[in-house]
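Read through the structure below, which is laid out as structure tokens, and then see the notes.
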Amino acid sequence: MFSTRVLFGSTALMLAAACQPTTEQLVKQGKPIELIYPTKSGVTAAGRQKDFTNCRIEAAQRVPQHTMTRTTPTYTTPIQTQCYNYGYTVSCNTTGGQTYGGNTYTYDANLELRAAAEAQCLHRKGYTLTTIPKCPPGEKTKPVREQLYALSRNTCYVADEKGNYAVTEKLR
């Protein structure tokens, strides 16, 4: 009955900040969600998958991966020596001199641009992003089906305890 919405159009939505809660977290909290893929009324799951795949391929061809290598800045703590007299003995303790940073990492410099290209492709095919609320507890809903219902004010989602969800409609 429930299906995990696979993130086939993930790059189309990577324009959101990384610190935003995940869709799964929002579903578990019962908060409205931004669909993890654009919606288009009347399209089947197979048609949606085909459109997403074609747009992903088109975006990859228009904006190829560009791997960049960076190194984080380094910082070395100052060296300090403190000495203490104990009778005829001098004891010294030296601290500092640790180096932090200098980590090397790689990233795709074209990731956001490719996401924008994929979003443009999906938009050309008639897809839009939609915020959908959770169905009220105890509210009767239409059966979940492969083809999405036309979006309306009755559109809502039902979720299970694992954060999986399915889009349906409240019965009027």
Answer yes or no: is there a residue in the stretch 101-117 that is more than 25 Å from Lys50 (Cα to Cα), of a type in the set (Lys, Arg) and either surrounded by 10 or more Cβ atoms within 10 Å (Cβ to Cβ) or not assigned by TED's automatic domain parsing to the domain that holds Lys31 (or both).
no
In the stretch 71-95, how many residues are part of a strand (DSSP E or B), of a type outside the set (Ser, Thr, Tyr) and surrounded by 10 or more Cβ atoms within 10 Å (Cβ to Cβ)?
1
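Among the residues of the stretch 162-172, which ones are under 25 Å from Pro21 (Cα atoms) and either surrounded by 15 or more Cβ atoms within 10 Å (Cβ to Cβ) or among the acidic types (Asp, Glu) (or both)?
Gly163, Asn164, Tyr165, Ala166, Val167, Thr168, Glu169 - these are the residues of the stretch 162-172 that are under 25 Å from Pro21 (Cα atoms) and either surrounded by 15 or more Cβ atoms within 10 Å (Cβ to Cβ) or among the acidic types (Asp, Glu) (or both).
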Would a scan of the stretch 27-40 turn up a residue that is at pLDDT 65 or above and touching a His at 6+ places or on another chain (Cβ under 8 Å)?
yes
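When only residues in the stretch 57-101 that are of a type in the set (Gly, Ala, Ser) and in contact (Cβ under 8 Å) with a residue 24 or more places away in the chain count, which is farthest from Ala119 (Cα to Cα)?
Of all residues in the stretch 57-101, those of a type in the set (Gly, Ala, Ser) come to 59-60, 87, 91, 96-97, 101.
Imposing the further condition that a residue be in contact (Cβ under 8 Å) with a residue 24 or more places away in the chain reduces the set to 59-60, 101.
Values: Ala59: 9, Ala60: 12, Gly101: 36 Å.
Checking each candidate, the answer is Gly101.
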Out of everything in the stretch 122-161 that is hydroxyl-bearing (Ser, Thr, Tyr), surrounded by fewer than 14 Cβ atoms within 10 Å (Cβ to Cβ) and outside any loop (DSSP other than H, G, I, E, B), what residue ends up being modelled with the highest pLDDT?
Thr128
Only one residue in Thr131, Thr168 is within 17 Å of Thr44 (Cα to Cα) and in the same structural domain as Lys50 (by TED's automatic domain parsing). Which one?
Thr168
For the stretch 159-172, pairs from a residue that is closer than 16 Å to Leu148 by Cα to a residue that is outside any strand (DSSP E or B) and of a type in the set (Lys, Arg), with Cβ under 6 Å and 6 or more apart or across chains, are Thr168/Lys142; Glu169/Lys142; Leu171/Lys140
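The values are calculated or read from the model by the stated rules, or taken from the named source; none is laboratory data. Since this is a predicted model, take the numbers as computed values, not measurements. Methodologically, a virtual Cβ is constructed for each residue, glycine included, from the backbone with ideal geometry; neighbour enumeration extends over all protein chains shown.
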